[in-house]
Amino acid sequence: MGTQNKTAISTKEAPAAIGPYSQAVRVGDTLFASGQVGLDPATGQLVAGGVKEQTIRVLENVKAVLAEAGLDLVHVVKTTVFLKSMGDFAAMNEIYAKYLAPDGVVPPARSTVAVAALPKDALVEIEVIAKEAGA
């Protein structure tokens with residue numbers, strides 16, 4: 001499969017890419033979304049509060065990118081969660097479960113890692129891979 005089958009996905013409903021990357025890239029029936037942090041797309045600033053508030057904003061940003069591609073959270077098959085502190089795991093996980101593992105939904109595969117720092121000094125970043133239903 002050549003690069004001509006690679007399509008960039010972009011929406012103003014999520015923070016704009018601030019470097020040489022796409023918000024997401026579709027290859028066939030699979031969407032690879034760049035990591036999102038808790039930036040408010042309207043202001044470009046981190047949302048106020050702690051990891052819960054940032055996780056909500058992160059997942060709302062992810063939802064916006066998925067929606068631009070005609071997908072939603074039920075299409076997510078893999079996530080990677082980056083935390084500034086593993087001490088925030090339980091609080092992040094509580095919000096994550098509401099978005100990505102509601103009753104009746106098969107939760108995606110996930111990796112969670114602690115990192116030394118995140119862009120804008122964020123507390124959490126989440127990237128996803130989604131696949132169209134039936135594909």
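Key figures
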{"quantity": "From Leu66, Leu39, residue being surrounded by 13 or more Cβ atoms within 10 Å (Cβ to Cβ), under 13 Å from the mean Cα position of the chain (by Cα) and either at pLDDT below 95 or more than 16 Å from Val124 (Cβ to Cβ) (or both)", "calculated": "Leu66"}
{"quantity": "Residue check, Ala116 surrounded by fewer than 13 Cβ atoms within 10 Å (Cβ to Cβ), assigned to a helix (DSSP H, G or I) and hydrophobic (A, V, I, L, M, F, W, C)", "calculated": "no"}
{"quantity": "Test: residue in region 113-121 that is touching a His at 6+ places or on another chain (Cβ under 8 Å) and aliphatic (A, V, I, L, M)", "calculated": "no"}
{"quantity": "Residue list for region 23-50, restricted to those being in contact (Cβ under 8 Å) with a residue 24 or more places away in the chain, part of a loop (DSSP other than H, G, I, E, B) and among the small types (Gly, Ala, Ser)", "calculated": "Gly28, Gly38, Gly44, Gly50"}
{"quantity": "Index of the failed condition, Glu53 passing every other in (1) in a helix (DSSP H, G or I); (2) under 13 Å from the mean Cα position of the chain (by Cα)", "calculated": "(2)"}
{"quantity": "Scope region 29-58; condition touching an Asp or Glu at 6+ places or on another chain (Cβ under 9 Å) and among the small types (Gly, Ala, Ser); matching residues", "calculated": "Ala33, Ser34, Gly35, Gly38, Gly50"}
{"quantity": "Filtered residue count, region 119-135, keeping only those that are within 15 Å of the chain's Cα centre (by Cα) and either without any contact (Cβ under 8 Å) to a residue 40 or more places away in the chain or part of a strand (DSSP E or B) (or both)", "calculated": "8"}
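The values are calculated or read from the model by the stated rules, or taken from the named source; none is laboratory data. From a predicted model like this one, the values you see are computed outputs, not experimental measurements. No Cβ is skipped: glycine too gets one built from the backbone with ideal geometry, and neighbour counts run over all protein chains shown.
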